[in-house]
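The values are calculated or read from the model by the stated rules, or taken from the named source; none is laboratory data. Only a predicted model underlies this, so the values are computations on that prediction, with no experimental measurement involved. For neighbour counting, all protein chains shown are included, and Cβ atoms are generated from backbone atoms with ideal geometry for every residue, glycine included. The accessibility values were calculated without ligands, DNA or RNA, using every heavy atom of the protein model including side chains. Shrake-Rupley method; radii C 1.70, N 1.55, O 1.52, S 1.80 Å.
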Amino acid sequence: MTLVVVLVVLVVLLVAAFVLVGWRDRKRLSGAEDTAAARDAASIQEQHAAERHGVQGEVWRRGQAGNG
């Protein structure tokens, strides 16, 4: 009986901790500066990906022209 009570108390404490952390994290909403920084980072990442893709295409085209 004591083991069951201890386990129930442990489960209740774990659930309470999970709820508390979730509630605390939801209160921390990202501000406008965070959103702008994320948007800028995504834009830069897309630009680098496009440049890398273009360079890879040029290398492939040069390889095809050299084989003919």
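Give a residue-ordered list of calculated ³J(HN,Hα) values for segment 40-46 (Karplus: 6.51 cos²θ - 1.76 cosθ + 1.60, θ = phi - 60°; whole Hz; x for Gly, Pro).
My calculation for segment 40-46 gives 5, 5, 5, 5, 5, 5, 5 Hz in order.
Quote to one decimal, in nm, the extra length available between V9 and Q45 on full extension: 0.36 nm per residue of separation minus the C-alpha distance between them.
Numbers: separation 36, 0.36 × 36 = 12.96 nm, distance 4.81 nm.
Using 0.36 nm per residue and subtracting the Cα-Cα distance, I get 8.2 nm.
In Å², and per residue, what accessible area does the chain have when probed at 1.4 Å with the other protein chains present?
It amounts to 94 Å² per residue over the chain.
When the Kirkwood radius is taken over all Cα pairs of the chain, what Stokes-Einstein diffusion coefficient follows at 4 °C and 1.567 mPa s, in µm²/s?
74 µm²/s
On the protein heavy atoms, probe 1.4 angstrom, tell me the percent of accessible surface of the chain carried by carbon and sulfur.
Here it works out to 66 percent.
Could you tell me which of L13, M1, G57 has its Cα farthest along the dipole of the chain towards the positive end, charges placed at Cβ (Lys, Arg +1; Asp, Glu -1), taken about the Cα centre?
Of L13, M1, G57, it is M1.
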